[in-house]
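**Q** If you scroll down you'll find the structure; I have some questions about it.
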Amino acid sequence: MTAIEIRNLSKTFGPVRAVDDVSFSVESGTVTGYLGPNGAGKTTTLHCLLGLVTADGGTALVNGRPYSALERPLAEVGAVLEATSFHPGRTARDHLRVICTAAGLPASRADEALEQVGLAGSAGKRVAGFSLGMRQRLALGTATLGHPRVLILDEPANGLDPAGIEWLRGFLRTLAHEQGVAVLVSSHVLSEVQQTVDNVVIIARGRLVHQGSLEELTGNGDRPVRVHAADAARLVPALEARGARVERPADGVLRVHGVGAEAVGQAVLDEGVLVTELVRERSDLQEIFMELTREK
Amino acid sequence: MALVRSELQKLFTTRLWWIMLIVMLLFTGLNLGFLIGFAGVEGTQGAPGLPGRETLAFQQSAWTAGAGSSIFVMVLGIIMMTSEYRYQTITTTFLATPRRSRVVTAKLVAGLLVGLLFGVAALLLTAAAVIPSVLIAGGEVALLDGGIPRIMLGVVATSALYTLFGIGLGALVRNQIAAVVGAIVWVFVVESLLAAVPALQTVGKFTPSGAARSLIAVQIDSGFGQADLLPSWAGASVLVAYALIFALIASLTTVRRDIT
Ligand SMILES: Nc1ncnc2c1ncn2[C@@H]1O[C@H](COP(=O)(O)OP(=O)(O)OP(=O)(O)O)[C@@H](O)[C@H]1O
Ligand SMILES: [Mg+2]
């Protein structure tokens, strides 16, 4: 089911074309990474989607309707935005209760949500004393108050420590893959979301530059196989006989292009060479990302 | 209405409201102390003094004491609106209620209620000070005649409406400090001048405080003779018109603006 649909969305701020004819969609049960360098237009897109900013053109729909037409928005969509902030003098629990009241949710949801994001122990503390990571968790708790089926997050990993990021990844994956929630998560660091997302949408200077699955982006075409073997030289003819192109970046190391890992393994077996490492190299996502979003 | 409850909850879960309440009561108390302390004291060189504690005139002027604290409810209204922008809680508010006019309406209704509450609190304090001092002076306590009910109503209405002015101003200016400074300059400089200088009183009687004064009928004698005021029905209409204008400002400036 299509949970988020953005069609030909445009928004101009004075001379800046922040979002320029962007279209993409997010399906239920998947995590989509919305990626782009600083100033690419990610936040603006999400703000248009959430009715905080009025688009100049195009449509942005959640569950088939504009956000402002949703009858009970928090029960359908949860959002963690960059600008999500809290009154420093209010406690975490009160912050959530105020929203529960406005959204017609039972006040008991406040404590449940705090429990879920690991803030139960700080429920009665004023937000002024919260660390960046705790605020980020509270924002996530705010977003999940109404058990939404669509979750929109703008740079949610900012301020989280490695353990926090790991926790967030698990949290988002569980929601999407086990509970069928549609997750759209923005980031300016591809590697940060690489392990979480199923699909990626890449934007640069307001324009869409790539949309598809993560595999499509990295491309299965040429991912070389790296082989470490003391007697590496002996493997070269056998590999070349199988149609491979072989690089020798260092002594005892081969980079094999044009054939799969299985073919390389077969060559190793046939030649009876002792191999200490045989691995399909990961394409450098960050490099692909940089290439796609580079100024022309 | 759930949204009004949510707005009241916002106010009552932070410290601001009771700090403002205490400050407002202190200010009213100071006013009362002055009126009671100097009641019946002759002015120098035969100038008219303040009325004695046993007189009705004393009670009439003492009951207006609460109206002088309108600046505090106005600041409260300003902060109710601007703190949402200052702490960016406005995004969360609009995500929960994307129809922004509903948020504005809820804020105005909540502001009105809080303003009423503050007005009643000021009246209670006044009652606690005025009734004993009248009794001690051997006067007769007037609560239902001598225009006192109208004055009480005027104090409560002024308090409620100034909260709305604050909310409207806050929505227009959005910067908390600028809005508060603007309100203080307006009340203490512009309105005071317009009220005190006779040549300006034709304009001054149409300001919110001028209209409010006509409601509570305090004849301020600034040494230039009787103040020029509107009849109280007209004053009430002017105040309501201001409230509507500020409510309109609050809606128009909030409904379409981009939140980035
Ligand atoms: N309120 C605004 N007024 C003027 N220009 C704006 C406004 N908001 C955003 N912009 C401009 O629009 C462009 C896109 O900004 P946006 O915040 O959407 O980028 P982003 O992809 O979220 O970047 P980041 O990774 O830094 O958060 C930028 O050039 C920015 O300067
Ligand atoms: Mg951004």
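**Q** So for B:K107, A:K11, fewest C-beta neighbours within 10 Å to most, what's the order?
**A** Working: B:K107 29, A:K11 25.
Lowest to highest Cβ neighbour count: A:K11, B:K107.
**Q** Moving on to the next point. In percent, how large is the relative contact order of segment B:33-167, given Cα pairs closer than 8 Å and 6 or more residues apart?
**A** Numbers: 164 pairs, mean separation 54.3, N = 135.
Dividing the mean separation by the residue count of segment B:33-167 yields 40 percent.
**Q** Oh, and also: Quick one: pull the percentage of alpha-carbon pairs in segment A:1-82 with a separation above 21 Å. All intermediate terms of the calculation are to be shown ahead of the outcome.
**A** Working: 801 of 3321 pairs.
I get 24 percent for the Cα pairs in segment A:1-82 exceeding 21 Å.
**Q** By its C-alpha gyration tensor, with a ≥ b ≥ c as the square roots of the eigenvalues, how is segment A:92-166 shaped: rounded for a/c under 1.5, else prolate for a/b larger than b/c, else oblate?
**A** Details: a/c = 2.01, a/b = 1.30, b/c = 1.55.
Oblate, since a/c reaches 1.5 and b/c is not below a/b.
**Q** With label points built 7 Å along Cα→Cβ from the Cα atoms of A:A233 and A:E115, find their separation and express it in nm.
**A** Simple spin-label model gives 6.8 nm for this pair.
**Q** Determine ³J(HN,Hα), in whole Hz, for all residues of segment A:201-215 in sequence, where each value follows from phi through the Karplus function 6.51 cos²θ - 1.76 cosθ + 1.60 and θ = phi - 60°; x replaces Gly and Pro.
**A** After applying 6.51 cos²θ - 1.76 cosθ + 1.60, I find 10, 10, 10, 9, 6, x, 10, 6, 10, 7, 8, x, 6, 4, 4 Hz.
**Q** Roughly speaking, what % of Cα-Cα pairs in segment A:131-186 are separated by over 12 Å, rounded to a whole number?
**A** Numbers: 1008 of 1540 pairs.
Tail of P(r) above 12 Å: 65 percent of Cα pairs.
**Q** Report Rg (one decimal) and Dmax (nearest whole number) for chain A, counting Cα atoms only, units Å.
**A** Cα-based Rg and Dmax for chain A come out at 23.6, 73 Å.
**Q** Moving on. If a/c stays under 1.5 just call it rounded; otherwise compare a/b with b/c (prolate if a/b is bigger, oblate if not). Do that for segment A:163-210, with a ≥ b ≥ c from the square roots of the Cα gyration tensor eigenvalues.
**A** Numbers: a/c = 2.94, a/b = 1.62, b/c = 1.82.
Note, shape of segment A:163-210 comes out oblate.
**Q** Shifting gears a bit: Taking only DSSP H segments of four or more residues, each worth -39500 (n - 2.57), what value at 222 nm results for chain B once the sum is divided by all its residues, to the nearest 500 deg cm²/dmol?
**A** Details: 12 runs with 182 residues, N = 260.
The helix-only estimate for chain B comes to -23000 deg cm²/dmol at 222 nm.
**Q** What is the fewest-to-most order of B:R99, A:R248 by other Cβ atoms lying within 10 Å of their Cβ? Don't skip to the end; give the middle numbers.
**A** On the way: B:R99 15, A:R248 12.
Final ranking by Cβ density, sparse to dense: A:R248, B:R99.
**Q** Given the convex hull over the Cα atoms of segment A:187-235, what projected area results after averaging over all orientations, in nm²? Intermediate values should be presented prior to the final figure.
**A** Values: hull surface 21.8 nm².
So the Cα hull casts an average projection of 5.5 nm².
**Q** Apply 1/(1 + (r/R0)^6) to the Cβ-Cβ distance of B:L200 and B:D145, taking R0 = 35 Å, and write down the FRET efficiency to the nearest 0.05.
**A** Values: r = 34 Å, r/R0 = 0.97.
Approximately 0.55, to the nearest 0.05.
**Q** Below 8 Å between Cα atoms, with a sequence gap of 6+, how large is the relative contact order for chain A in percent? Mind showing how you got there, number by number?
**A** Values: 579 pairs, mean separation 62.0, N = 296.
Reported relative contact order: 21 percent.
**Q** Which far-off residues, 5 or more places away or on another chain, put their amide H under 5 Å from the one on A:K125, with H placed in the peptide plane?
**A** The answer is A:A92, A:R93.
**Q** Does the protein assembly as shown come out rounded, prolate or oblate, given a ≥ b ≥ c as the square roots of the eigenvalues of its C-alpha gyration tensor, rounded meaning a/c under 1.5 and, failing that, prolate meaning a/b above b/c? Could you put the intermediate results ahead of the total?
**A** Numbers: a/c = 3.77, a/b = 3.17, b/c = 1.19.
Note, shape of the protein assembly as shown comes out prolate.
**Q** With chain B treated as a Gaussian network of Cα nodes joined by springs under 10 Å, which of B:F94, B:F246, B:F118 yields the largest mean-square fluctuation?
**A** Maximum fluctuation in the GNM of chain B, among the listed residues, is at B:F94.
**Q** Fewest first, what order do A:Y34, B:Y162 take by the number of other Cβ atoms within 10 Å? If you can, show how the numbers build up before the last one.
**A** Values: A:Y34 29, B:Y162 33.
Ordered by Cβ neighbours within 10 Å, fewest first: A:Y34, B:Y162.
**Q** Here's a follow-up. Give the lysines whose C-alpha is closer than 27 Å to that of B:K10, dropping any in the same chain fewer than 8 places away, or say none.
**A** A:K125, B:K107
**Q** Identify which of A:P15, A:P37, A:P66 has the largest mean-square fluctuation in a Gaussian network model of chain A, with springs joining Cα atoms closer than 10 Å.
**A** Top of the fluctuation ranking is A:P15.
**Q** If you don't mind, another one. Which value, in Å to one decimal place, does the Kirkwood hydrodynamic radius take for segment A:127-275 when every pair of different Cα atoms is included? Can you show the working numbers first?
**A** On the way: mean 1/r = 0.0525 Å⁻¹.
About 19.0 Å, per the Kirkwood formula over Cα pairs.
**Q** Amide H of A:V209: which non-local residues (sequence gap of 5 or more, or other chain) have their own amide H closer than 5 Å, using H built in the peptide plane?
**A** A:I202, A:I203, A:A204
**Q** Another question about this same structure. Need the full-extension length gain, A:Q266 to A:T54, defined as separation in residues times 0.36 nm minus the C-alpha distance. One decimal, nm. Could you put the intermediate results ahead of the total?
**A** Working: separation 212, 0.36 × 212 = 76.32 nm, distance 5.94 nm.
70.4 nm is the gain from fully extending A:Q266 to A:T54.
**Q** With an 8 Å cut-off on Cα pairs and a minimum separation of 6 or more residues, tell me the relative contact order of segment A:1-148 in percent.
**A** About 22 percent, as a whole number.
**Q** I'd like to verify something in chain B: which complete DSSP H helices, judged by Cα projection on the helix axis, reach 18 Å or more and average at least 0.5 on the Kyte-Doolittle scale?
**A** B:16-37, B:70-86, B:100-136, B:148-173, B:232-255
Read-outs throughout are calculated quantities, based only on the coordinates presented, and are distinct from any laboratory measurement. Here the structure is a predicted model, which means the values were calculated and not measured. Positions of Cβ are generated from backbone atoms using ideal geometry, with glycine treated the same way; all protein chains shown enter the neighbour counts.
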